[in-house]
1. Would you be able to tell me the number of residues in the stretch 8-31 that are within 20 Å of Leu51 (Cα to Cα), surrounded by 11 or more Cβ atoms within 10 Å (Cβ to Cβ) and not β-branched (Val, Ile, Thr)?
2. Among the residues of the stretch 44-92, which ones are surrounded by fewer than 11 Cβ atoms within 10 Å (Cβ to Cβ) and either in contact with a helix residue (DSSP H, G or I) (Cβ under 8 Å, 6 or more places away or on another chain) or in contact (Cβ under 8 Å) with a residue 60 or more places away in the chain (or both)?
Amino acid sequence: MSFFKSLILAIFATIFLTYVFGVGMLELMDLHVMMDGEAVEPLKAIGVSALIVVVLVVAALGIVLSVFGGMIFIGLVIFGSIAMVTVGIFWPILLMAVVIWLLTRNKSSRNKNTKQYA
């Protein structure tokens, strides 16, 4: 299924489900949305309530992401600073360990995988 076909189907499904559940909830709760003393028709009432819900969800998402994003950022900064201090202090030891490993690694293990043809 192409992207645009899927997108259009998703939009229609969302509109249909919003309308069906919105009308069902308005009738179930016997709720009437009033603007300027006049009852608003169900489709407009659903649209207004859906718009309010979207604004609330976006605001909540912004708050959650800013709080948890800030906590994650602070955690990464602390972890990165500890890692940099550790490397800064122990870099001569790490350098010598890498040099010793490069000089003493088993050379026969590299030749095991190559096949000898006679």
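1. Residues flagged as within 20 Å of Leu51 (Cα to Cα), surrounded by 11 or more Cβ atoms within 10 Å (Cβ to Cβ) and not β-branched (Val, Ile, Thr) within the stretch 8-31 amount to 6.
2. Within the stretch 44-92, Val87 is the sole residue that qualifies.
Okay, residues lined up against (1) farther than 30 Å from Thr18 by Cα; (2) modelled with pLDDT of 85 or more:
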{"position": "Ala45", "(1), (2)": "no, no"}
{"position": "Val48", "(1), (2)": "no, no"}
{"position": "Leu51", "(1), (2)": "no, no"}
{"position": "Leu56", "(1), (2)": "no, no"}
{"position": "Gly69", "(1), (2)": "yes, no"}
{"position": "Thr86", "(1), (2)": "yes, yes"}
{"position": "Leu94", "(1), (2)": "yes, yes"}
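The values are calculated or read from the model by the stated rules, or taken from the named source; none is laboratory data. Predicted model only: the values in this text are computed from it and were never measured. FYI the Cβ positions are ideal-geometry reconstructions off the backbone, even for glycines, and counts take in every protein chain you see.
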